[in-house]
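Down below is the structure, laid out as structure tokens.
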Amino acid sequence: MISLILLVAALFTSNQYIGYFISLLIIALISVNWKSAIFVLIIYFPIRPFLIEMNPGLKYLGDEIICVLFFLIVIQKVIIHKERFGRTFLFSVFFLLFCLIGVVSAFITGVEITSIIFQIRAFVLTFLCMFIISELKITEKDIAQFFLVTVCLATVLSVHGLIEKLSLRTLLLPEAWVQMDLAETNRIRIYGLAGNPNILATYLMISFFSIFYLIKKFDRFKPLLYVIATLIFGVVLLTYSRGTILSFAIAYLVFIAATRQWKLVKSQTIVIAAALFIIFLPTAYTAEYIENHFNDKQLAEQSQKKIHKENRYFDMFSDDTISKSTEGGRIFIIKKGIEIFKEHPLIGTGFGTYGDSASWAFGSPILKAYGIQNPIYSDNQYIQILVQSGVVGALFFFLFFVMVIITIIRSNREKMEKWIVLAFLIVGATAAVFYNILEDKTFTLYFYIVLGFLLNKHRKFSLPFNQKM
């Protein structure tokens, strides 16, 4: 609780040195109470862009918490107790071999060391959370608090998102974000304190399904929790994040088919319908009305440019969308990626060369040679892996993925619990078609936390899902 108060206090000043000092205090506190770090992380990463915008001194707080806690866990487990990370060892080796291939090929290509470290951090940082969670002594109370914090933050972000939408991005946002020049198809989307509609949608979807754990755990608060679920899903729709919604929908259908939670389907269908008609449609039409009748600047722009508003939920396969994608969007990136892969098929071109956050931040030594003038973000995890690590790296990553599935299936946990983690995997595998999902700290943080929880050998209880919901 003290750590969270300090985090909030840092927002009242833009002085980065105060931010550094508060970060050090938080690190000192979590070094004494390890489990408190998890609660700080699940608040920090979903709103990290906002926190950094308000106080740059908080930029590396998440990195520092994870690294310090992992270091303490290793000292306790390996050095003091002389134990091994048994169940996580094999698939971890394949993941690290994938990273090694990306690093080696990057050095061969001539990528700067700073860029390589930047990308390694993007892949490995939240991966360490799996080891941390698997070693902590977690109680049922901790799990309930974990979901409660998640849902509370999601509720705040949802209310904030509605304010953002209805104020046409003029209220409760950093000034730099208010002045941001967005494309017309993105201007209608809620970015939230996550600073990205896709990341916000991913977090809210995780929170939406978390609510149904709380409904099972705290039956007396069921009406309130259903209202919150309606609010959250309504804001998910207002992010217009098609890839995120599709990814979770596929995972959900597989989960329901495997677990036969038909009662859950009924209650969630009612919530989704309510979200559509009570939150999404009224908010969208109200925002459009405000924009057309009270926003003089926008009216002027509309009359000059004759802006045509596209409906993001129905234009995915339109001729215009496909044409844009072929010329400079995802289809172009995939075709160009295949071209590069054919010339570097074995171990690829390395991290920091094509479509990842490192090449976006530091530039790439190969792009101009292939007629790409500006840094690009691949928005497709598969083509990024194939181009940057080649057949060898892609094989190691595939083996990592398969071994994670085998480890989950072989674990001695309840069927429902196994399928929750497998559903996360399905979400990630599907979302990887649309986004660089491995670089989404929010999604990977939650995935590695639930995976670590599944593998936690100290836990003496099961989640309350033994009976059909």
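Roll a 1.4 angstrom probe over the protein heavy atoms and tell me the percent of accessible area of region 367-469 that is carbon or sulfur.
Looking at region 367-469 in its full context, I get 65 percent from C and S.
May I ask for the distance between the Cα centers of region 149-221 and region 1-57, given as a whole number of Å?
Here the answer is 20 Å between Cα centres.
Looking at the chain, do any whole DSSP H helices span at least 15 angstrom along their long axis by alpha carbon and average 1.0 or above on Kyte-Doolittle, and which?
16-32, 61-74, 86-109, 113-124, 140-166, 197-217, 222-238, 242-259, 381-410, 415-431, 441-454
Going by accessible area, probe 1.4 Å, with all protein chains left in place, what is the ranking of V78, V271, largest first?
Reading off the accessible areas and sorting them downward yields V78, V271.
For I79, what accessible area in Å² do you get when you roll a 1.4 Å probe over the heavy atoms of the protein chains, rounding to the nearest 10?
I79 has an accessible surface of roughly 100 Å² with all protein chains in place.
Report, to the nearest whole %, how much of the accessible area of region 60-141 belongs to carbon and sulfur atoms, 1.4 Å probe, protein only.
Answer for region 60-141: carbon and sulfur cover 72 percent of the accessible area.
For region 88-227, take N as its residue count and report Rg(C-alpha) divided by 2.2 N^0.38 Å.
Here the Cα radius of gyration is 1.41 times the empirical estimate.
With the full set of protein chains in place, find how many percent of the accessible area of region 182-263 is carbon and sulfur; take the probe as 1.4 Å.
Carbon and sulfur: 67 percent of the exposed surface of region 182-263.
Can you tell me, using C-alpha contacts under 8 Å and at least 6 residues apart, the relative contact order of the chain as a whole percent?
On the way: 600 pairs, mean separation 112.2, N = 469.
Contact order relative to length: 24 percent.
For C67, C129, write out the residues from largest to smallest accessible area, computed with a 1.4 angstrom probe and no ligands counted.
Correct descending sequence by accessible area is C67, C129.
Helix-only estimate, please: 222 nm mean residue ellipticity of the chain, summing -39500 (n - 2.57) across DSSP H runs of length 4 or more and dividing by its residues, to the nearest 500.
-22000 deg cm²/dmol
List the relative contact order of region 94-251 as a percent without decimals, with contacts defined as Cα pairs under 8 Å and 6+ residues apart.
In percent, rounded to a whole number, it is 23.
Given a 1.4 angstrom probe, what's the average accessible area per residue across region 94-245, in square angstrom?
Numbers: 5690 Å² over 152 residues.
Heavy-atom accessible area per residue stands at 37 Å².
Hey, which of these cross-link pairs are over 27 Å Cα-Cα: K35/K266; K59/K368; K137/K418; K35/K77; K141/K418?
Check vs 27 Å cut-off fails for K35/K266; K59/K368.
In terms of solvent-accessible area of protein heavy atoms at a 1.4 angstrom probe, what is the ranking of K217, K368, highest value first?
K368, K217
What do you get for trypsin sites (Lys or Arg not before Pro) in region 116-190 restricted to DSSP loop and a cutoff of at most 13 other Cβ within 10 Å of the site's Cβ? Mind dumping the intermediate values first?
Values: sites: R121, K137, K141, K165, R169, R187, R189; in loops: K137, R169, R189.
Passing both the DSSP loop test and the Cβ count: K137.
The values are calculated or read from the model by the stated rules, or taken from the named source; none is laboratory data. Here the structure is a predicted model, which is why all the values come from computation and not from measurement. Don't worry about glycine lacking a Cβ; one is built from the backbone with ideal geometry, like all the others, and counts go over all protein chains shown. With ligands, DNA and RNA removed, areas are computed over all heavy atoms of the protein, side chains included. Shrake-Rupley method; radii C 1.70, N 1.55, O 1.52, S 1.80 Å.
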